[in-house]
Amino acid sequence: MTNKPKISILTIDFGMGGAQRFISLLLPQLVQDFQVSLVLFVDYIHFEIPEEVELVILNPDSKSSNSYISKIQRTFGLFSKYKNFVRKNKIEVSLSLLPVPNIINSLLTISNKRVKTIISERCYSSEMYKDNGVQMLLAKICFPVLYHRNNLLFSNSIHINEDLKQNFGVKMPMKVVYNPIEVNDKVKLRTEARPNANALKIINSGRIYEAKNQKLIVEAMNMSEKGGYYLTVLGDGILQEELQKNIQNSGLNDFVDLKGKVSGVKTYLIENDCFILSSNNEGFPNALLEALSVGLPCISTNCLSGPLEMLNDNEPVNISAGEFHEAKYGILVNVNDAIGLNKAMEYLKNEPEMRQKYSRLAFERAKMYSLDNIYNEIKELIIN
């Protein structure tokens, strides 16, 4: 019989999202210090789960209506199941990630005064919900009414916390814990082996949907002579077919490879010369962090939130339209600015010594987000 404290981690699924990646990296460390239960809404699992972790699926049959009334009813049903699980298993700390799990964790405090609850927001809410009036309204109601019931909120960006305070009326203790990454010195050396590529091999990874804006890279490529760049995109999504049409209409079929879902992302990263994050908004982009961790020079849109913190120590920059900024650890361009992105790409293509410089800086920056450092911060939050 172990005397380790019992902790439950509640989230929607264990698919390929950033929150799920965050959990997957921490689980092997958590089981050394806690009895861990991973509680999912639905049975969708991509990442490996340590055998010491108890897996609980609240709703094995996830097929149901997508109406908002049905979703609200489903949320209360999940809450009832989770409340019973926490009580029966004498969970001491309940940690949740993402809005609906956070709401359930908040409701838990009404019926269970003993359990310590910690919630985590992973997206910049004002941007995420700006085009969905119903979701924005629900967030404006639920966040200020429920979130403060928890012991602590942590996010992965200073800007996310400020957004919650200023635009959603959340008044409670908040911390920032950045996403962790595993860094390997040997991998970095392979990235530096391509200092004089004729065609700059660029890569992007993430779901193909509006927020990630991969079509911006295609537009930027189309401003230069064909053959100067070769783009690989890892991931799929609802806009994949539309992106393929953009590629075809631009005459770039021979220079863009949509790989779809892949495993071993770092294997693909190290085969390229530059990573581009083209997003309109982010939480704290794991894709950018993974690129830094293999010493890959990075260009990123200066979207809220994450890139400014990762690439420039959160020091504000003013980038003129159609231009780019040489930040401390990478290059920043304005959101949805194809001209600025094209200039940044041309700069790295024509200046191999700058690629070498940003390769070294990227790798050093990634070390600040090492798994050991971030786990110690999480452990401190759970215990204290």
Inset, instruction - Among residues belonging to segment 341-372 that are polar (S, T, N, Q) and surrounded by 15 or more Cβ atoms within 10 Å (Cβ to Cβ), point out the one that is nearest to D33 (Cα to Cα). - result: S370
Legend entry - From A321, A344, residue being part of a loop (DSSP other than H, G, I, E, B) and modelled with pLDDT of 95 or more: A321
Legend entry - Considering residues of segment 240-285 that are small (G, A, S) and crowded, with 16+ Cβ neighbours inside 10 Å only, the residue nearest to G18 (Cα to Cα): G283
Legend entry - Filter pass, L216 being farther than 20 Å from E127 by Cβ and at pLDDT 95 or above: no
Legend entry - Residue that is surrounded by the fewest Cβ atoms within 10 Å (Cβ to Cβ), among those in segment 8-54 that are under 17 Å from the mean Cα position of the chain (by Cα) and among the aromatic types (F, W, Y): F47
Inset, instruction - Could you check, for segment 186-193, whether at least one of its residues is surrounded by 17 or more Cβ atoms within 10 Å (Cβ to Cβ), at pLDDT 95 or above, on the phi < 0 side of the Ramachandran plot and not basic (K, R)? - result: no
Inset, instruction - Could you list all residues from segment 205-256 that are without any contact (Cβ under 8 Å) to a residue 12 or more places away in the chain and within 24 Å of the chain's Cα centre (by Cα)? - result: E241
Inset, instruction - Can you tell me which residue within segment 63-97, out of those that are under 28 Å from the mean Cα position of the chain (by Cα) and in a loop (DSSP other than H, G, I, E, B), is surrounded by the most Cβ atoms within 10 Å (Cβ to Cβ)? - result: I91
Inset, instruction - Would you be able to tell me the number of residues in segment 122-166 that are farther than 24 Å from N314 by Cβ, crowded, with 19+ Cβ neighbours inside 10 Å and without any contact (Cβ under 8 Å) to a residue 40 or more places away in the chain? - result: 0
Legend entry - Residue list for segment 101-123, restricted to those being at pLDDT 95 or above and polar (S, T, N, Q): N102, N105, S106, T109, T117, S120
Inset, instruction - Report yes if I104 is under 21 Å from V56 (Cα atoms) and not in a helix (DSSP H, G or I), otherwise no. - result: no
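The values are calculated or read from the model by the stated rules, or taken from the named source; none is laboratory data. All figures in this text were calculated on a predicted structure; none of them were measured in a lab. Neighbour counts are summed over all protein chains in view; Cβ atoms, including those assigned to glycine, are modelled from backbone coordinates with ideal geometry.
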